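Down below is the structure, laid out as structure tokens.
Only the coordinates and a few stated rules stand behind these numbers; no lab work does. Please read these numbers as outputs of a predicted model, since none were measured by experiment. Cβ placement follows ideal geometry from the backbone for every residue including glycine, while neighbour counts extend to all protein chains displayed.
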Amino acid sequence: MQKSVLFESIKIGPMELKNRFMRSATTSAWSDDDGIIRPEIVELYRKLAEGGVGLIVKGHLYVSKSGKVHVGMAGIDSDSQLPMLKRLTDAVHEHEGKIVAQLNHGGLQSMIDPAGPSEYKGKGWEGRELSSEEIWGIIEAFGDAAERALEAGFDGVQIHGAHGYLISEFLSPRLNRRSDEWGGSLRNRMRLLIEVYEAIRGRFGKSVPIMLKMNCDDFIPGGFGIEESMKTAVTICRQGIDLIEISGGGLGLPDDLKHMRGMRGLARSTDPALKEASYAGYASRIREVAKPTPLALVNGIRSRICMESILKRGIADLISMSRPFIKEPDLVKKLQSGQDKATCTSCNLCESEAFFSKTMLRCQSL
Ligand SMILES: Cc1cc2nc3c(=O)[nH]c(=O)nc-3n(C[C@H](O)[C@H](O)[C@H](O)COP(=O)(O)O)c2cc1C
């Protein structure tokens with residue numbers, strides 16, 4: 001057994017975690033047409049919990065059918081989905097794991113009713129503008145979904161505010177061109193996020209941890225950038241969020257692809273030990289303003305040296321990973337017994353068109 005900061009416990013709001021590893025939300029894309037998860041998904045989460053990861057974030061769950069993003073996405077908009085979700089949380093708890101539900105609405109990326117802050121017509125993305133009444137309906141749906149999550153045995157919730165789904169679309173000046181109270185100034189573009197947070201907090205008070213996954217940058221011209229991300233972090237931390245997971249991108253509008261690589265480069269740290277962590281540079285800037293709220297950092301992190309450096313330099317408190325846990329659900333135990341890095345090569349076959357939502361999630365390179 002190796003001694004390391006990676007295996008120290010930490011408290012996130014009222015929740016105690018046994019180590020600093022977080023499994024970032026990863027959809028299995030294998031639920032049935034009613035958004036009910038299949039038994040294979042329960043087994044995947046059982047393995048993750050057995051593998052010792054401190055905090056598991058369940059793959060995104062749609063809060064209303066209109067926000068469903070892809071075939072096989074799980075839902076939490078109906079009580080009929082709860083018995084299977086309960087089996088999943090029970091499986092995690094049997095192995096002393098902790099699990100939170102990631103709540104999402106796909107916005108312009110919805111496969112049912114693509115709609116966002118403003119009408120969008122471009123290559124790949126197309127959708128209509130939501131009315132203020134519809135926006136309030138979605139906020140209510142986030143609150144209802146959070147209540148269902150607790151009923152299903154989750155230990156908390158994570159609001160999906162990243163990757164170009166509805167909340168991140170509202171934050172992004174590129175996609176949000178509204179002139180009413182939901183658009184224009186950053187304060188107005190942040191309103192949906194704050195209202196969703198308040199709708200959830202209002203139902204539970206501080207007894208339940210509420211987390212946020214947020215972009216440090218959209219990495220598209222005219223998008224939500226690091227300066228606005230820092231200001232948003234300050235506001236949501238003051239509101240009382242329990243943890244922010246720093247991610248980025250996801251607004252891969254085909255017209256912008258040529259700009260994205262250069263913009264992404266700026267988010268990295270110049271510190272060689274942090275090179276693989278795609279957003280470590282921007283995360284350290286968010287850290288300065290978000291203190292003392294705990295942060296998690298995701299994307300590209302693979303080696304123990306990088307993981308320990310992130311914690312020791314105080315850039316984040318949790319090391320979040322997605323693809324490495326698809327290949328090695330027992331990665332935490334392996335690191336604890338001396339393995340020096342995850343064996344995932346980020347080949348991305350797991351999310352390729354050939355396999356995503358056509359087979360149960362698994363590492364296709366094995
Ligand atoms: C198959 C697959 C499914 C994913 N599903 C989600 C999801 O449901 N919610 C989310 O916020 N991110 C999702 N992501 C993104 C990951 O959480 C993570 O941010 C990204 O893969 C970068 O981290 P990594 O380098 O450790 O894989 C998914 C990624 C993959 C590969």
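How many angstrom lie between the C-alpha centres of segment 40-97 and segment 277-342? Measuring centre to centre over Cα atoms gives 22 Å. By definition, a body whose alpha carbon gyration tensor gives a ≥ b ≥ c is oblate when a/c is 1.5 or more and a/b is not larger than b/c, and segment 21-61 fits this oblate description. Evaluating 6.51 cos²θ - 1.76 cosθ + 1.60 at θ = phi - 60° for every residue in segment 48-64, the Karplus couplings come out as 4, 5, 4, x, x, 5, x, 9, 10, 9, 5, x, 3, 10, 6, 8, 8 Hz, glycine and proline recorded as x.
Taking Cβ atoms as reference points and 13 Å as the exclusive limit, the residues near LEU311 contribute a net charge of +2, counting Lys and Arg as +1 and Asp and Glu as -1.
In terms of packing, defined here as the mean over residues of other Cβ atoms within 10 angstrom, the peptides 24-33, 95-104 line up highest first as 95-104, 24-33. Within a straight-line Cα-Cα reach of under 16 Å, LYS123 can be paired with the following lysines, leaving aside sequence neighbours fewer than 8 residues apart in one chain: LYS258.
Using the structure shown, select from LYS206/LYS333; LYS47/LYS231; LYS65/LYS341; LYS312/LYS341 the pairs with a Cα to Cα distance greater than 29 angstrom. Check vs 29 Å cut-off fails for LYS206/LYS333; LYS47/LYS231; LYS65/LYS341.
Packing-based ranking of 165-178, 295-308 yields 165-178, 295-308, ordered from highest to lowest mean Cβ neighbour count within 10 Å.
Note: relative contact order over segment 147-284, using C-alpha pairs below 8 Å and six or more positions apart, is 24 percent.
What the phi angles of segment 143-152 give under the Karplus curve with 6.51, -1.76 and 1.60, with θ = phi - 60°, is a coupling list of x, 4, 5, 5, 4, 4, 4, 5, 4, 7 Hz, glycine and proline written as x.
Taken about its Cα centre, segment 5-351 carries a charge dipole of about 1280 debye when Lys and Arg each add +1 at the Cβ and Asp and Glu each add -1 at the Cβ. Scoring 105-114, 67-76 by mean Cβ neighbours within 10 Å over their residues and listing the highest first yields 67-76, 105-114. Here segment 252-366 is assigned +1 on the Cβ of each Lys and Arg and -1 on the Cβ of each Asp and Glu. Its dipole about the Cα centre then comes out at about 200 debye. Residues in segment 83-89 carry Karplus couplings, in order, of x, 6, 5, 5, 4, 5, 5 Hz; the curve used is 6.51 cos²θ - 1.76 cosθ + 1.60 with θ = phi - 60°, and Gly or Pro positions show x. Among residues other than SER322 with Cβ under 10 Å from its Cβ, the summed charge is +1 (Lys and Arg +1, Asp and Glu -1).
Of the residues GLY240, PHE170, LEU17, the one whose Cα sits farthest towards the positive end of the charge dipole of the chain is LEU17 (charges of +1 on Lys and Arg Cβ, -1 on Asp and Glu Cβ, taken about the Cα centre). Cα gyration tensor of segment 224-366, axes a ≥ b ≥ c as square roots of the eigenvalues: rounded (a/c below 1.5), prolate (a/b > b/c) or oblate? Oblate shape, in that a/c is at least 1.5 and b/c is the bigger or equal ratio.
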